[in-house]
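So the structure is just underneath, and the comments pick up after that.
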Amino acid sequence: MARSSLLRELPSTERGLRTRSALIAAARKVFEKSGYLDTRLIDITKAAKCSAGTFYTYFSSKEEIFAAVLELAQEDMMHPGMPHVAADDDPAAIIEASNRAYFEAYKRNAKLMGLLEQVASVDPEFRRLRQQRADAFVRRNARSIENLQERGLADADLDPMLASRALSGMISRLGFGYFVARDGQADGAQVDLDEVIRTATRLWVNALRIAR
C-alpha cells in the first residue's frame, strides 16, 4: 500500500528508527486515550519522554504522526498472520482462518479505526488513506477469488474484482460495526465473535458457490 504523502522518508540510522518507533508507540497510546482532536503534541512528547525538538526531527505535525500510527495499524490488518492452513486444504477452512485473522486484527486496532473514520470525514488526506486501505484489501481478496476460480473451486462466472469489492465491503463494515459502533449488542449482550466469523464465512462461501 502506498505511503501517505504526509510521511517523510524513514531515518537512515538504527537510533533514528528506534526513536521514531518510540514516538509512534507513545502517540498511539495518547490518540487511543484522548482521541485525535483532543490530543496535543505536548501530550505525545510527554508520553514519549522526549523534547519538542526531538519530535520535530521526525514529524512535522500531529497529522503526520497520526498517519504513521495508522500506517502500522493498517499493515497489521493487511498482514495479520494466520494459523497454519495447508494451501490445498478445504477452501472454506482457509476463508474462515483468513476472516478470523482479520477480525482479531480489527479488534487490536478498533480504536484507531474509529478515529480514522472520524478524521476521514473532515480531512481529504485521511479520506484518501482510508480508501487506499480499502482498495488494498479488495485487491488482495480478488487475487484469492481468482485463484479459487482457476482451480475450479469457485463460481467462474463471477468477476473476481467486483465479487471481492462486495464481499470485502461486507467484512470491513461488519468489523467496524462489531468493534467500533458496537451494533452487535442486543439487550446489553454482544453477539459472540465466533458466531460472527462463522456467519461471515458462510456468506462468503455461499456467494462464491464453494462446495462444502
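The values are calculated or read from the model by the stated rules, or taken from the named source; none is laboratory data. Predicted, not measured: the structure shown is a model, and the values here were computed from it. Cβ atoms come from the backbone with ideal geometry, glycine included; neighbour counts cover every protein chain shown.
Worth a mention:
- Entirely in segment 22-140, the helices (runs of 4 or more DSSP H) that have 1 or more residues that are in contact with a Phe, Trp or Tyr (Cβ under 9 Å, 6 or more places away or on another chain): 41-48, 62-78, 91-108, 110-120
- Residues in segment 141-172 that are among the small types (G, A, S) and in a loop (DSSP other than H, G, I, E, B) were compared, and the one that is surrounded by the fewest Cβ atoms within 10 Å (Cβ to Cβ) is G152.
- Filtered residues of segment 91-127 (kept if among the charged types (D, E, K, R) and either crowded, with 19+ Cβ neighbours inside 10 Å or touching a residue at least 60 places away in the same chain (Cβ under 8 Å) (or both)): E96, R100, K107, K111, E117, D123, E125
- Options L162, L208, L148: the member that is modelled with pLDDT of 95 or more and in contact with a Leu (Cβ under 7 Å, 6 or more places away or on another chain): L208
- Taken together, the residues in segment 145-168 that are in contact (Cβ under 8 Å) with a residue 24 or more places away in the chain and not charged (D, E, K, R) amount to 10.
- Only one of the numbered conditions (1) of a type outside the set (S, T, Y); (2) part of a helix (DSSP H, G or I); (3) closer than 24 Å to R128 by Cα; (4) over 17 Å from the mean Cα position of the chain (by Cα) is violated by E9, and that is (2).
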